[in-house]
Each structure stands twice: as C-alpha cells, then as structure tokens.
1. Does S76 satisfy being hydroxyl-bearing (S, T, Y) and closer than 26 Å to R186 by Cβ?
2. Out of A192, A157, report the one residue that is within 17 Å of the chain's Cα centre (by Cα), closer than 18 Å to M131 by Cα and more than 16 Å from ligand 1 (Cβ to nearest atom).
3. Restricting to the range 227-245, what's the tally of residues that are more than 16 Å from ligand 1 (Cβ to nearest atom) and touching a residue at least 24 places away in the same chain (Cβ under 8 Å)?
4. Can you name every residue in the range 207-257 that is among the aliphatic types (A, V, I, L, M) and in a helix (DSSP H, G or I)?
5. With out of contact with any His (no Cβ under 8 Å at 6 or more places or on another chain), part of a loop (DSSP other than H, G, I, E, B) and open to solvent by 20 Å² or more (accessible area, probe 1.4 Å) as the only criterion, which of K154, K173, K160 stands out?
6. Hey, can you tell me all the residues within the range 208-226 that are at pLDDT 95 or above and within 16 Å of ligand 1 (Cβ to nearest atom)?
7. In contact with a strand residue (DSSP E or B) (Cβ under 6 Å, 6 or more places away or on another chain) and touching a residue at least 60 places away in the same chain (Cβ under 8 Å), is that true of L111?
8. More than 20 Å from the chain's Cα centre (by Cα), farther than 26 Å from G207 by Cβ and of a type in the set (D, E): does that describe D101?
Amino acid sequence: MNNSASVKRLVPLSKRNTGGNKTPLRVARPTLLETRDLQKSYYKKKLEIPVLRGVSMEIPENSFTAIVGKSGSGKSTLLHLLGTLDKPDQGEVWYQNQRIDNLPPSGREALRNNEFGLIFQFYHLLPELTMLENVLVPRMIGNGLISYWRNKRKFVAKAKELLETVGLAHRLKHKPNQLSGGEMQRAAIARALITEPKLLLADEPTGNLDSENGSDVLETLLHLNREHDLTIVMVTHDENIAKKADNVVKMVNGRIA
Ligand code: ADP
Ligand code: MG
C-alpha cells in the first residue's frame, strides 16, 4: 500500500461541501481524470482487433459524464482503462495530475481501493450476506481484519448512512433475494462508496432493470453527483439517461465521434 501515499487523499463524502453555494454548472471545473490518445487491441489467434483507436477525453471534477455508443464500440474497454482494471497498449491515463496507467499493480490497486468506485450491470452482491454486510465487504477486504475490527463502529455507521442515501434505510437486514433489481443496484452503489471514492465508474448500471427501477438508480446517481460532489462516468445505452448528464461522450468504432 506504500504507493497509495503518492495519491492525494480524498475528502470524505460527508465532509465535502454539500451546501447551497455550489459552483454553477457552467463554470469550468478542474480536470479529475484525463486520457491521452488511448489505444487498445485484443488479439484473436494472431489477428489484431483494434478496439480503442485513439481516445482523448477529460472528465471534470464533480461532473456526470455519459459514455454512449453501439454494442462493441469500446465503451467497457474504455471504462476499464479509466479504472486501471486494464492497461492501454498506447496512450496515457492521468488522475489528479498524476499518470496512473503505468503504476505498478499495488499502486493501481490502491487507486481502486481508495479513489475509484465501480459498479456493473449485474450487482455481484453476496447472497448469504445482508445488505449492511454486503456494503461492508470492501472495508473487510481492503482494510484487513485487525483494522476492520478496530474501526468497525465507524464503518457500520458509514454503511448505514450510505444505505440511507440510496434509499435503503429500511433494507439493512434484508438479503439480496428479498430485493428488487433496482434496490440491489442501489446497494451495489452504496458498497462502491463505502471506501469514500471521489470517482464512480458505472458500466450500464441500469442495463438489467425495467424503466422504473432504472430511473430510481439514475436518480440516486444524479443525487450523489449533485449533492455529494461525486464525479460519475457512466456507460449507458439509454439516450434518455444521457440527456441528464453534463457531458456525453459518443463512441463509434473505438473513437469519440
Ligand atoms: P462495448 O462495451 O461498447 O459493448 P467492449 O469494450 O466490451 O464494447 O468491446 C469492444 C470490442 O472488443 C468488441 O468487439 C468485443 O468483442 C471485443 N472485446 C472486448 N473484450 C475482449 C476480450 N477480453 N478479448 C477479446 N475481445 C474483446
Ligand atoms: Mg460494454
């Protein structure tokens, strides 16, 4: 975890400015995350399949960015590179003015544990655990058992606060199979935020939901962005969802259209 020292620590969600004096949307915000000419190919046997063909983009702090585009256009690949889950063949990813795509595995892991939250189309909740326990899992894993038990009261309080923020205060002791898809996704959002990340990366989080549950999840994300200053990058198929974002990045054949 030594590499985490070089990554600037976050202001916890609860301590950030959530008051009424927020910066108006139109004022330029500093860049949180940036890609420079990202290129990535996959190989089938020896055949190169180019997936990203030079993607340069900037994600401003506290913004809500939607990445849209047809299936196969490279959206998930791009999101994985943003989250250091994978490495580009060429090009760079910068976070808070620090290059991150070339960090050693421990540095990338520290970023994913401390700075980034990730959610996917499927919720990946553990079926035997309650919602509260599911939300605590990243703390159990990331902190190690001794530190976890020392700080447990604080973590449990934070987990309850987050479940309340996503509208699940009444579901703390429920198991995943007792919840709707929208509720499970909102629990997955709370779990992604337990480590108090600055950036949430979401890959089609409403892709498996009906329109009502999908809009609950979207409203939750918009609330976290607007009221808790969470920066969000969300891959979506849904043009209506994209309309609510501050920025829309349209991917066509591995490039930004
Ligand atoms: P999207 O999320 O926009 O649907 P992806 O980024 O998942 O697109 O995939 C882009 C292209 O890369 C697709 O043609 C897909 O089949 C291919 N691809 C994605 N991941 C892999 C992989 N691990 N190995 C080989 N090909 C892949
Ligand atoms: Mg995808």
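The values are calculated or read from the model by the stated rules, or taken from the named source; none is laboratory data. Because the structure is a prediction, the values reported are computed rather than measured. Using ideal geometry, Cβ is built from the backbone for each residue, glycine included, and neighbour counts are taken over all protein chains shown. Keep in mind that these areas ignore ligands, DNA and RNA; they rest on the heavy atoms of the full protein, side chains included. Shrake-Rupley method; radii C 1.70, N 1.55, O 1.52, S 1.80 Å.
1. yes
2. Result of the check over A192, A157: A192.
3. Number of matching residues: 8.
4. Those that are among the aliphatic types (A, V, I, L, M) and in a helix (DSSP H, G or I): V217, L218, L221, L222, L224, I241, A242.
5. Result of the check over K154, K173, K160: K173.
6. Of everything in the range 208-226, nothing turns out to be at pLDDT 95 or above and within 16 Å of ligand 1 (Cβ to nearest atom).
7. Against the criterion (in contact with a strand residue (DSSP E or B) (Cβ under 6 Å, 6 or more places away or on another chain) and touching a residue at least 60 places away in the same chain (Cβ under 8 Å)), L111 does not qualify.
8. It is false that D101 is more than 20 Å from the chain's Cα centre (by Cα), farther than 26 Å from G207 by Cβ and of a type in the set (D, E).
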